[in-house]
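The values are calculated or read from the model by the stated rules, or taken from the named source; none is laboratory data. Being a predicted model, the structure only gives us computed values, none of them experimental. Quick reminder, even Gly has a Cβ in these numbers, built from the backbone with ideal geometry, and neighbours come from all protein chains shown.
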Amino acid sequence: MSLSQFFAPRTVAVVGASTNPTKLGYAVLNNLLRGGFLKEDRRVYPINPTAESILGLPCFKSVLEVPDPIDLAVIVIPYPAVPDALRECGEQAIPAAIVISAGFREAGWEGAERERELLEVARQYSIRLIGPNCFGVIDTITPLNATFSAGMPPTGPMAFMSQSGALGAAILDWAMAGRLGLSKFVSLGNKADVSETDLLQEWAADPASRVILAYIEGLPDGQQFIRVAREVSRLKPVVAIKSGITQSGARAVTSHTGSLAGSEQAYQAAFRQAGVIRADTLEELLDFALAFGYLPPLRGDRVAIVTNAGGPGILATDAVERDGLRLARFEPERQHLLEQFLPGAASAANPVDLLGDARADRFDFALQQILADPQVDAIIVLVTPQAMTDMEQTAQVIVQAAARASIPVLACLMGQASLGRGPDILQQHNVPRFPFPERAARALYAMNQYRLLRSEPIPQFTSLEVDRERVSDAIRTVRAAGRVSIGDFEAREILLAYGFDVPTTELAGTAEQAVEIAARLGYPVVLKVASPEILHKTDVGGVRVGLEGPSEVRDAFDLITYRAQRFLPEARLWGCTVQKMIAPGLEMLLGMNRDPQFGPLVTCALGGVFVETLKDAAFRLAPFSRQDAEAMLTELKAAALLSGVRGRRPVDREALVEALLRVGRLVVDFPEIEELDINPFVVYEQGQGGVALDMRLILSSQVEPRR
């Protein structure tokens, strides 16, 4: 169902409209009227059982008494009465409601029960619901101000959604101060019904919204968000800031993968795969909004810097290159013209230093020449207030240059006391102005990230041949034994079923059996403790490698089982697995930790015993594409090791990519797998594949439905 009734209704009822100017019901009604909603073809109906009229409008005791169809109800009454009020809205066939009232899920268990009842009523009558416990909704195009804000923000190209009403109020205040212009504003509150995903779908086709901004605290249906955001971000930029990402929010885990993964990694992967631009701070969110909202799209990464100050120009250069952009190289003709026009002490190369005595005409000439250079993709104009600087005329020159430019022109007016009307002139003409060169460069970084994301092909999910029934049988066997952990020996069945190469391995219950198996496999061999309770074998001295003869195998078996019984006497001990020793290669970790909001978060890291110490890992949420798997390898700090260093040949990257895809497929096929480690996955030289040496996984305590 479309959410258009929230943004372009013809009739609005304010349930709880008040005659008291200190009440929210008065503020909402007053904002509707002051914001310009009430016109000849639009109506507002105050609902108040005791008042005759409010702000010149006749009151009704209930929405049931309103004689006309109502498109939108705004409910601002004490929480005990909200469900009944919403039920009356349903009986009146009102399709949309904003519940500003608090006292629901945020208030504890009883509040959660009230919210559940509210949602049941909404679904019974097919009412779309924003809130409860929200700040309201604004559409500057209609215009509609159904909030209790201090005023109406100016119209602009930015649509903003926020789970926090208080943060939304601050954004609106920044907007009213001229910091940015909004097309839409929604405070989502408790998100009982309408969510970020719903708004993304609604705003994707909104011509008034050039960029979508979001403050996010949580995404209950993370996979649906990724699917929708991936489509929407192809149409327009989506910029988000996420709170609550520190390790204190991470759940307890038992695998190596779990110690690496957390809420932050899941959101980072989700935003990356969905094409969402991540802002780390509110300052960045606003800076990115200005860039995406008012500048033409970035077509490349070549940046020109024009300044009247050498030091700030160097800082801007550093910031540009630090953020993955490049300084543009001017055409010889352009640089020659600049050299002829500028004073001898000036620099005509990039960054262009016009010197401290530069007036507006010098900026004008430099900008004309640089804008005509096809080798420039963006310009940062950096101005410091010096004795000869005419800040207002220079601002006018920047405005004129931006108006005729087909590339982004960003202004950086440094200082404060001596800027005069310069910032106001830029603001009036929607030229983004940044107080520091690093912030201007960071805004270009965001634009470049979006350019790169849009240039990537639409993800294609690879089809793989696997044996799901074989894995189902293995899991059923483990559950029948009353366990949720699957160790190395049992996990071999799962690895083989999903196409992994594994070394030949057999289970020995006694030392003599181990010697017999070793002779059959051929020396050297590896012995590992076999127990469903011992997942980290090296922690208890449960692994011996390079065993060359019967006596070494016999001694290793006795030592391993002795250590296991001593350190973990309660563990069930099956004996030891005997494994043919394989050739050395680069050890990697492939793993998964199931995020409560996004599902399976797959990890790739340098393997072996140092994985948790180095914490060099890349993450993707399954399902993911081959391109995502390849990108994971390049994101590792240890990526150089994969390409070959110090005479080492490159490793078989294709084998690693294939292994990651198979892990992703496995954890999507079997949602009961909570955690998974393949450590190490030994990868050999290019063309020689890789081998999964050790795998362990944890199942959920309850059987999950198949997808």
Flagged in the stretch 291-313 as aliphatic (A, V, I, L, M) and modelled with pLDDT under 95, in numbering order, are Ala309
Scanning the stretch 141-157 for residues that are buried (at least 22 other Cβ atoms within 10 Å of the Cβ) and hydroxyl-bearing (Ser, Thr, Tyr), the one modelled with the highest pLDDT turns out to be Thr147
Inside the stretch 554-575, the number of residues satisfying the requirement of being aliphatic (A, V, I, L, M), touching a strand residue (DSSP E or B) at 6+ places or on another chain (Cβ under 7 Å) and closer than 22 Å to Pro524 by Cα is 2
Those residues of the stretch 152-203 which are of a type in the set (A, V, I, L, M), within 16 Å of Val228 (Cβ to Cβ), more than 19 Å from the chain's Cα centre (by Cα) and not in a strand (DSSP E or B) amount to Val194
Given the conditions (1) of a type outside the set (A, V, I, L, M); (2) without any contact (Cβ under 8 Å) to a residue 40 or more places away in the chain; (3) not in a strand (DSSP E or B), every one holds for Tyr45 apart from (3)
**Prompt:** Looking at the stretch 218-232, is at least one residue modelled with pLDDT of 95 or more, under 30 Å from Pro154 (Cα atoms), β-branched (Val, Ile, Thr) and not assigned by TED's automatic domain parsing to the domain that holds Asp173?
**Reply:** yes
Here the residues within the stretch 235-254 that are of a type in the set (A, V, I, L, M, F, W, C) and at pLDDT below 65 are Ala250, Ala252, Val253
Picked from the stretch 449-461 (must be out of contact with any Leu (no Cβ under 6 Å at 6 or more places or on another chain) and in a helix (DSSP H, G or I)), the residue surrounded by the most Cβ atoms within 10 Å (Cβ to Cβ) is Tyr450
Among the residues of the stretch 516-542, the number that are under 20 Å from Ser485 (Cα atoms) and buried (at least 18 other Cβ atoms within 10 Å of the Cβ) is 10
(message) Within the stretch 255-268, does at least one residue satisfy the condition of being touching a helix residue (DSSP H, G or I) at 6+ places or on another chain (Cβ under 7 Å), at pLDDT 65 or above and part of a helix (DSSP H, G or I)?
(response) yes
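One line per residue, one yes/no per condition, for (1) surrounded by fewer than 24 Cβ atoms within 10 Å (Cβ to Cβ); (2) without any contact (Cβ under 8 Å) to a residue 12 or more places away in the chain; (3) of a type in the set (A, V, I, L, M, F, W, C):
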| position | (1), (2), (3) |
| --- | --- |
| Thr561 | yes, no, no |
| Pro584 | yes, no, no |
| Gly591 | no, no, no |
| Ala605 | no, no, yes |
| Leu641 | yes, no, yes |
| Val645 | yes, yes, yes |
Among residues of the stretch 473-497 being of a type in the set (Lys, Arg) and either closer than 17 Å to Cys576 by Cα or in contact (Cβ under 8 Å) with a residue 12 or more places away in the chain (or both), the residue surrounded by the fewest Cβ atoms within 10 Å (Cβ to Cβ) is Arg479
Taking the stretch 309-349 and keeping residues aliphatic (A, V, I, L, M), over 19 Å from Asp361 (Cβ atoms) and either crowded, with 19+ Cβ neighbours inside 10 Å or in contact (Cβ under 8 Å) with a residue 40 or more places away in the chain (or both) leaves Leu315, Ala316, Ala319, Val320, Leu325, Ala328
Reported set for the stretch 399-437 where residues are small (Gly, Ala, Ser), more than 22 Å from Gln369 (Cα to Cα) and surrounded by 15 or more Cβ atoms within 10 Å (Cβ to Cβ) is Gly420, Gly422
Subset of the stretch 659-701, residues in a loop (DSSP other than H, G, I, E, B) and among the small types (Gly, Ala, Ser), comes to Gly687, Gly689, Ser700, Ser701
Query raised in the report: Can you spot a residue in the stretch 363-382 that is at pLDDT below 95 and either surrounded by 18 or more Cβ atoms within 10 Å (Cβ to Cβ) or not in a helix (DSSP H, G or I) (or both)?
Result: no
Filtering the stretch 543-553 down to residues that are exposed (fewer than 14 other Cβ atoms within 10 Å of the Cβ) and either farther than 18 Å from Glu512 by Cβ or in contact with a strand residue (DSSP E or B) (Cβ under 6 Å, 6 or more places away or on another chain) (or both) yields Val545, Gly546
Of the residues in the stretch 304-321, those that are under 26 Å from Val211 (Cα atoms) and out of contact with any Pro (no Cβ under 9 Å at 6 or more places or on another chain) number 1
Among the residues of the stretch 185-219, the number that are over 21 Å from Ser243 (Cβ atoms) and not hydroxyl-bearing (Ser, Thr, Tyr) is 10
Of the residues in the stretch 666-681 that are β-branched (Val, Ile, Thr) and within 15 Å of Gly499 (Cα to Cα), the one that is surrounded by the fewest Cβ atoms within 10 Å (Cβ to Cβ) is Val667
Of Ala97, Ala85, Ala102, the only residue that is small (Gly, Ala, Ser) and in contact with a Ser or Thr (Cβ under 9 Å, 6 or more places away or on another chain) is Ala85
In the stretch 305-323, anything part of a helix (DSSP H, G or I) and of a type outside the set (Val, Ile, Thr) is listed as Gly310, Gly311, Pro312, Gly313, Leu315, Ala316, Asp318, Ala319, Glu321, Arg322
From the option list Ala51, Ala17, Ala85, single residue qualifying as part of a helix (DSSP H, G or I) and in the same structural domain as Pro143 (by TED's automatic domain parsing) is Ala85
For the stretch 176-188, the count of residues that are surrounded by 22 or more Cβ atoms within 10 Å (Cβ to Cβ) and touching a Ser or Thr at 6+ places or on another chain (Cβ under 9 Å) equals 7
